[in-house]
Amino acid sequence: MKHLLVPMVLIAPMLAPLPALAQSGFEAEKSTRAIPCTCRFKGADIPVGQTMCLDLPNGPVLAQCDRVLNNTAWKTLQQGCPTPGLS
């Protein structure tokens, strides 16, 4: 029985700090690292939240760059696009 306790006593202190270090390191990296999320439009990067008029095969739509799970995608806001007019 004494032979089984010696290895456990030596290994247990080395394993105890690992989860705490891994978690704190991940949290620190997550809070300081900003990932720029963008959508693509005619070869340009469009930031999340910006709206654009997209010309689709079924007609123009007003769409907003949005996040879907861990990807970006265009979210349709309305059919057609606002056009400037004379008042």
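Go through region 47-53 residue by residue and turn each phi into a ³J(HN,Hα) via Karplus (6.51, -1.76, 1.60, θ = phi - 60°); whole Hz please, and just put x for glycine and proline.
x, 4, x, 7, 9, 9, 8
Between THR51 and LYS75, what is 0.36 nm times their sequence separation minus the Cα-Cα distance? Round to one decimal in nm.
7.7 nm
Under the rule of at least 5 residues apart or a separate chain, name every residue whose amide H is placed under 5 Å from the amide H of GLN50.
Placed amide hydrogens put CYS65 under 5 Å from GLN50.
Read-outs: derived from the displayed coordinates by stated rules, not from any lab. Note that the structure is a prediction, hence the values are computed from the model and not measured.
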